[in-house]
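Reviewing the structure listed below.
The values are calculated or read from the model by the stated rules, or taken from the named source; none is laboratory data. As the structure is a prediction and not an experimental result, all values here were calculated from the model. With ideal geometry, Cβ positions are generated from the backbone for all residues, glycine too; neighbour counts draw on all protein chains shown.
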Amino acid sequence: MSTISLSHITKSFGGRRKVIAVDDVTLEIPSDHFVVLLGPSGCGKSTTLRMIAGLEKPDRGEIRINDKVVNDVPPQRRNLPFVFQNYALYPHMSVAKNIGFPLKMQGVSRTETERRVVDVGQTLGLGKLLERYPAQLSGGERQRVALGRAIIRDPDAFLLDEPLSNLDAQLRGDMRLELAQLQKRLRATFIFVTHDQVEAMTLADKIAIMKNGVLHQYANPDEIYHQPADRFVAGFIGSPMMNFIEGNIKQEGANAVLTSSGLSLVLGPIGDIPVSQGQNVVLGIRPEHFVISQDGSNELTVEIVETLGSQTFVYGNLAASQRLGIGVDPELSPVAGDCFKFGINPQSLHFFSIETGKRITIHP
Amino acid sequence: MLLVIFPFLWIVLSSLRGVDDFFSFELSNALPKTFDLTSYKLALGRSDLVRWTANSLFIATATTLLSLTVAAPAAFAIARLRFKGRAAGATILISSYAIPSIMLAIPVFVLLTTLRLSNSYFALIILHATFTIPFTTWVLQDFYHSIPADLEEAGYIDGASLRQVLWRIILPLSVPGLLAAGAYSFILSWTEFLFAFLLVQSNDAMTAPVGVHAFFTGRNATESVMAQLMAASVFVSLPSVIIFAYFQRYLVSGFLTGAVKG
């Protein structure tokens, strides 16, 4: 079983014009967990994974595997298989030779290698393809071979760098399920890099969200969704994106109201929200958390309708420059020009500091 | 195209005409009615053409092997490894190819004569390698850039050392590049005249181009001599033409790989 921990890891690239790829990241990856490093392109997630693999060396900080510092241990001696985005299968070797290559490097006997290759081939449904070459395989089959090459080593942890991004949507969904099953079956630590929040939310036990080399939040998917640590995390997770409205909190009767130029949004009883009267905040509310009701205190005129089948989202302007997206029951079949009254459940509101973007959780 | 092919075509056609009507060549009568191999028989019989060709074959092959042995790892280091002086080394290597051979001819002649290495195959192989190594290194490092770095890294991840990655992953994938670079190297060495002419005086050690030159220099330009010269020229060109024809697809892909990955 493998516990991997990163302590204040920093990595930069370039000479004079230095770019900090990973900035003081600290992460504890517990044994047997499926951890996803998530973030937009260039956020440092792949560099972090490559440092864990030993393909890059951190400028500062420590990487530990089972409490042993491995900063200077080369990838050959870390026993951490790495599945590359483009699979990196050896084009001149058959599927069987590709899968068996790590064992060959370990000096495992030919008969033992052949036996284990056949085993892994059967596990991954590659039994009939073992004599083929990578160029003769489909994307999904190549992906399986890459996984096979990782599994055959029987390691404690697997590193996967956007392994599903080259597959079409259907196959990606299938492979996602297979990966989840595989991780449960192998009871191994998986560290998975992706920019796809659906992959992250569906696969992960814990998600580390990064931007510009900085770790913004490291928590389980539920917490990330319901208690985003800052405005970036709140906006990155969830589709359609969370609505953000900047304004001042005022009290009208027992209710808190968010006011901004030409806008007044009734939020609910002032005691239920973590901000005080007079405070300037960024309010965040997910489209799916509005409550459509004739008794609602707020109103939106529909301009655009997005129908997704199981869900429908309507968009309109709350004030001159404040666009709002709201999830509605698809059976209402909204069209442009419809007017919806809506209320807000104070429990599903998020408040962020205007200055720092950090989540406000308690009364200041 | 015609401009490129015409001189060679003219040499081939002339070599196949009879020795007696060499000067009666007219465009309207360009294709010989019968293929007369007398010029070849005379050229091969009266000169050491076979010996010179064998010398050239040996020198070009040895130069090619030496070039690839040095250039393949050097090119890999330049293309993939990060070390101090990498960029400077690469620039110097390429610059050395840009220096005209004639500038080096006299110093090299003096040096090798002093070392008593003139008239030897060894000297020519080393000399030819001085310009084939930079060239093949350049061709190969461009080729290595076209091999995804992920494959090399996958090798390290799978437990292979640098040597094993080179031997088991990079080398098998480099075969087209090595063939292209080797063919260039062979042709460069085969066609080289200046150093071979300066260094080798003994008839036994002459390369094919120098031998042909030496054999026909100073002889009266009779119809027979000219026809033999054409036949000898075709004969010594054949190996490089065959090499070029056989490896043509690799040469093209070698160039294209470099062009695309630039």
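Select from region A:58-75 the residues that are over 15 Å from A:THR47 (Cβ atoms), in contact (Cβ under 8 Å) with a residue 24 or more places away in the chain and not basic (Lys, Arg) and list them in ascending order.
The first filter runs over region A:58-75 and keeps only residues over 15 Å from A:THR47 (Cβ atoms), leaving A:62, A:64-70, A:72-74.
Retained after the next criterion (residues that are in contact (Cβ under 8 Å) with a residue 24 or more places away in the chain): A:62, A:64-67.
If the condition is that a residue be over 15 Å from A:THR47 (Cβ atoms), in contact (Cβ under 8 Å) with a residue 24 or more places away in the chain and not basic (Lys, Arg), then A:GLU62, A:ILE65, A:ASN66, A:ASP67 are the ones that fit.
Every residue, every condition in (1) modelled with pLDDT of 95 or more; (2) more than 30 Å from A:LEU129 (Cβ to Cβ), yes or no:
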site: A:LYS45; (1), (2): yes, yes
site: A:GLU62; (1), (2): yes, yes
site: A:ASN66; (1), (2): no, yes
site: A:PHE82; (1), (2): yes, no
site: A:PHE101; (1), (2): yes, no
Going through region A:13-22 in order, the residues found to be modelled with pLDDT of 95 or more and surrounded by fewer than 17 Cβ atoms within 10 Å (Cβ to Cβ) are none
Would you pick out the residues in region A:105-114 that are surrounded by 11 or more Cβ atoms within 10 Å (Cβ to Cβ) and out of contact with any Asp or Glu (no Cβ under 8 Å at 6 or more places or on another chain)?
-> A:GLN106, A:VAL108, A:GLU112, A:THR113, A:GLU114
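Among the listed residues B:SER189, B:SER202, identify the single one that is within 26 Å of B:ARG116 (Cα to Cα) and more than 18 Å from the chain's Cα centre (by Cα).
Details: B:SER189 fails: more than 18 Å from the chain's Cα centre (by Cα).
Just one listed residue meets the conditions, B:SER202.
Considering every residue within region A:294-315, establish whether at least one is within 19 Å of A:ARG231 (Cβ to Cβ), among the aliphatic types (A, V, I, L, M) and surrounded by 14 or more Cβ atoms within 10 Å (Cβ to Cβ). It would help to see each step written out before you state the result.
So in region A:294-315, the residues within 19 Å of A:ARG231 (Cβ to Cβ) come out as none.
No, because not a single residue in region A:294-315 is within 19 Å of A:ARG231 (Cβ to Cβ), among the aliphatic types (A, V, I, L, M) and surrounded by 14 or more Cβ atoms within 10 Å (Cβ to Cβ).
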Taking into account only those residues within region A:153-178 that are among the hydrophobic types (A, V, I, L, M, F, W, C) and part of a helix (DSSP H, G or I), which is surrounded by the fewest Cβ atoms within 10 Å (Cβ to Cβ)?
-> A:ALA169
With the condition kept exactly as written, say whether any residue in region A:201-220 is touching a residue at least 40 places away in the same chain (Cβ under 8 Å), of a type in the set (Val, Ile, Thr) and surrounded by 19 or more Cβ atoms within 10 Å (Cβ to Cβ).
-> yes
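Answer yes if at least one residue in region B:62-82 is touching a His at 6+ places or on another chain (Cβ under 7 Å), assigned to a helix (DSSP H, G or I) and farther than 23 Å from A:TYR90 by Cα, and no otherwise. Talk me through it step by step, then tell me what you get.
Residues of region B:62-82 that are touching a His at 6+ places or on another chain (Cβ under 7 Å), as a first pass: B:63, B:79.
Those still in the list that are assigned to a helix (DSSP H, G or I) too: B:63, B:79.
Filter once more, keeping what is farther than 23 Å from A:TYR90 by Cα: B:63.
For region B:62-82, residues touching a His at 6+ places or on another chain (Cβ under 7 Å), assigned to a helix (DSSP H, G or I) and farther than 23 Å from A:TYR90 by Cα: present.
Got a sec? Which of A:ALA150, A:ALA146 is more than 19 Å from B:ILE170 (Cα to Cα), within 11 Å of another protein chain (Cβ to nearest Cβ) and assigned to a helix (DSSP H, G or I)? Full working, then the answer.
Values: A:ALA146 fails: more than 19 Å from B:ILE170 (Cα to Cα).
So the residue among A:ALA150, A:ALA146 that is more than 19 Å from B:ILE170 (Cα to Cα), within 11 Å of another protein chain (Cβ to nearest Cβ) and assigned to a helix (DSSP H, G or I) is A:ALA150.
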Which residues, counting only those in region A:257-313, are part of a strand (DSSP E or B), closer than 25 Å to A:ILE237 by Cβ and touching a residue at least 60 places away in the same chain (Cβ under 8 Å)?
-> A:SER260, A:LEU265, A:LEU267, A:GLY268, A:ASN280, A:VAL281, A:VAL282, A:LEU283, A:GLY284, A:ILE285, A:GLU306, A:PHE313
A:GLY121 vs (1) within 25 Å of the chain's Cα centre (by Cα); (2) in contact (Cβ under 8 Å) with a residue 24 or more places away in the chain: all pass except (1)
Starting from residues that are part of a helix (DSSP H, G or I) and of a type in the set (S, T, N, Q), keep the ones in region B:124-169 and report whichever is farthest from the other protein chains (Cβ to nearest Cβ).
-> B:THR130
What number goes with the only condition from (1) aliphatic (A, V, I, L, M); (2) under 19 Å from the mean Cα position of the chain (by Cα); (3) loosely packed, with under 14 Cβ neighbours inside 10 Å that B:ILE106 does not pass?
-> (2)
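Modelled with pLDDT under 95 and under 21 Å from A:PHE158 (Cα atoms): is that true of A:SER31 in this structure?
On the way: modelled with pLDDT under 95: yes; under 21 Å from A:PHE158 (Cα atoms): yes.
Answer is yes for this residue.
Name the residue that is nearest to the other protein chains (Cβ to nearest Cβ), counting only residues in region B:170-180 that are in a helix (DSSP H, G or I) and more than 15 Å from A:PHE101 (Cα to Cα). Walk me through how you get there before you give the answer.
So in region B:170-180, the residues in a helix (DSSP H, G or I) come out as B:170-173, B:175-180.
From what's left, more than 15 Å from A:PHE101 (Cα to Cα): B:171, B:173, B:175-180.
Details: B:LEU171: 10, B:LEU173: 6, B:VAL175: 9, B:PRO176: 11, B:GLY177: 13, B:LEU178: 14, B:LEU179: 15, B:ALA180: 17 Å.
Within region B:170-180, the match that is nearest to the other protein chains (Cβ to nearest Cβ) is B:LEU173.
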